[in-house]
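Structure first, commentary second.
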Amino acid sequence: MKKIAMILSGCGNKDGSEITEAVSAIVALSEFKAQVRFFAPDLDFVPQNYLTNQPYPNKRNIMEESSRITRSEISPLGSLAVKDFDGLVIPGGFGVALHLSEWANKGPAGSVLSDLESIVHGFYQMGKPICAICIAPAIIAKLLGRHRVTVTLGLDRKYNEVGLATGAIIEPCASDDYISDRQNKIITTPAYMNEATPYQVFTGIRKAIKELIEMA
């Protein structure tokens with residue numbers, strides 16, 4: 001049984017992990033008999049009202065919000081030990097660009113959360129596969145672009161042009177498919193980076209997870 005770490009960034013597409021993407025990955029990992037542990041930053045943030053698009057007055061905790069998706073099973077991101085796992089999964093959602101990195105405000109010039117940076121480099125250096133979904137491949141491109149990794153950010157040319165600024169190779173991809181960089185062990189699927197149905201998103205993620213498990 002493969003042991004997979006999943007990193008979440010909250011609960012909800014506008015300020016956390018995209019729920020359909022996270023759950024699709026969880027279901028697929030269960031199908032392929034993987035053992036999954038969940039991690040998220042133990043940091044506070046200002047949440048957003050999804051109906052009004054206005055911020056709430058009180059802060060919430062990213063790890064606590066992420067635990068809504070994982071049935072309360074979650075650990076602080078800093079406790080993730082790469083040696084304990086065979087692969088890594090990072091679902092998308094705007095929390096990736098807000099909480100796991102500065103991509104939302106600074107694009108490829110922004111920094112990545114230090115714990116996540118160490119984890120991604122650790123998996124890469126140990127030759128363990130990484131599956132990144134939706135906007136999460138932008139983080140992989142930012143951190144591993146100098147190695148000329150190949151990722152997808154969907155079909156929109158503007159996202160692909162921004163991704164190219166990292167040095168990574170950016171490939172267009174439909175939401176029901178995935179891109180596999182077998183040399184670097186990086187698997188990416190665009191999910192809601194394109195206009196897509198939930199079934200198309202699930203199909204692409206399931207294919208990507210299957211590749212992750214086989215690669216692991």
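The values are calculated or read from the model by the stated rules, or taken from the named source; none is laboratory data. These numbers come from a predicted model, not from an experiment. All Cβ positions, even for glycine, are placed from backbone atoms using ideal geometry, and neighbour counts span all protein chains on display.
Between a first residue in region 61-85 that is more than 24 Å from THR20 (Cβ to Cβ) and charged (D, E, K, R) and a second residue that is assigned to a helix (DSSP H, G or I) and at pLDDT 95 or above, which pairs have beta carbons less than 9 Å apart while being 6 or more apart in sequence or on different chains?
Once the first residue is more than 24 Å from THR20 (Cβ to Cβ) and charged (D, E, K, R) and sits in region 61-85, its partners that are assigned to a helix (DSSP H, G or I) and at pLDDT 95 or above give LYS83/GLY122.
Please go through region 147-168 and pick out each residue that is touching a Ser or Thr at 6+ places or on another chain (Cβ under 9 Å), outside any loop (DSSP other than H, G, I, E, B) and either within 13 Å of GLY204 (Cα to Cα) or modelled with pLDDT of 95 or more (or both).
Answer for region 147-168, where residues must be touching a Ser or Thr at 6+ places or on another chain (Cβ under 9 Å), outside any loop (DSSP other than H, G, I, E, B) and either within 13 Å of GLY204 (Cα to Cα) or modelled with pLDDT of 95 or more (or both): THR150, VAL151.
When the residues of region 176-199 are filtered to those that are within 16 Å of GLY154 (Cβ to Cβ), touching a residue at least 24 places away in the same chain (Cβ under 8 Å) and part of a loop (DSSP other than H, G, I, E, B), which remaining residue is nearest to the chain's Cα centre (by Cα)?
PRO190
So that you can scan it fast, the table gives a plain yes or no per residue for (1) at pLDDT below 95; (2) under 10 Å from the mean Cα position of the chain (by Cα); (3) in a helix (DSSP H, G or I):
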position	(1), (2), (3)
GLY92	no, yes, no
GLY95	no, yes, yes
LYS106	yes, no, yes
LEU116	no, no, yes
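Look at ILE130 and say whether it is among the β-branched types (Val, Ile, Thr), within 23 Å of GLN48 (Cβ to Cβ), surrounded by 16 or more Cβ atoms within 10 Å (Cβ to Cβ) and at pLDDT 95 or above.
Answer is no for this residue.
Give the residue, chosen from SER75, SER30, that is at pLDDT 95 or above, touching a Phe, Trp or Tyr at 6+ places or on another chain (Cβ under 8 Å) and not aromatic (Phe, Trp, Tyr).
Within the list SER75, SER30, the selection yields SER75.
From the list LYS142, LYS185, LYS210, LYS128, which residue is touching a helix residue (DSSP H, G or I) at 6+ places or on another chain (Cβ under 8 Å) and at positive phi?
Being touching a helix residue (DSSP H, G or I) at 6+ places or on another chain (Cβ under 8 Å) and at positive phi holds for just one of LYS142, LYS185, LYS210, LYS128, which is LYS185.
Do the conditions hold for ARG148, that is, is it within 15 Å of the chain's Cα centre (by Cα) and basic (Lys, Arg)?
Working: within 15 Å of the chain's Cα centre (by Cα): no; basic (Lys, Arg): yes.
Criteria not met by ARG148.
Any idea how many residues of region 152-171 are closer than 17 Å to GLY93 by Cβ and of a type in the set (A, V, I, L, M, F, W, C)?
Adding up the residues that qualify gives 1.
When only residues in region 1-54 that are in a loop (DSSP other than H, G, I, E, B), acidic (Asp, Glu) and over 12 Å from the mean Cα position of the chain (by Cα) count, which is surrounded by the fewest Cβ atoms within 10 Å (Cβ to Cβ)?
As a first pass, look at region 1-54 and keep what is in a loop (DSSP other than H, G, I, E, B): 1-2, 8-18, 32-34, 41-43, 46-47, 49-54.
After this cut, where a residue has to be acidic (Asp, Glu) as well, the list is 15, 18, 42.
Right, trim to over 12 Å from the mean Cα position of the chain (by Cα) and you get 15, 42.
Values: ASP15: 25, ASP42: 16.
Looking at residues that are in a loop (DSSP other than H, G, I, E, B), acidic (Asp, Glu) and over 12 Å from the mean Cα position of the chain (by Cα), I get ASP42.
Conditions: (1) more than 24 Å from ALA28 (Cα to Cα); (2) in contact with a Gly (Cβ under 9 Å, 6 or more places away or on another chain); (3) among the small types (Gly, Ala, Ser). SER111 meets all but one. Number of the miss?
SER111 satisfies every listed condition except (2).
Quick test for you: out of THR166, THR150, pick the one residue that is in contact with a strand residue (DSSP E or B) (Cβ under 8 Å, 6 or more places away or on another chain), buried (at least 17 other Cβ atoms within 10 Å of the Cβ) and not aromatic (Phe, Trp, Tyr).
None of the other options fit; the residue is THR150.
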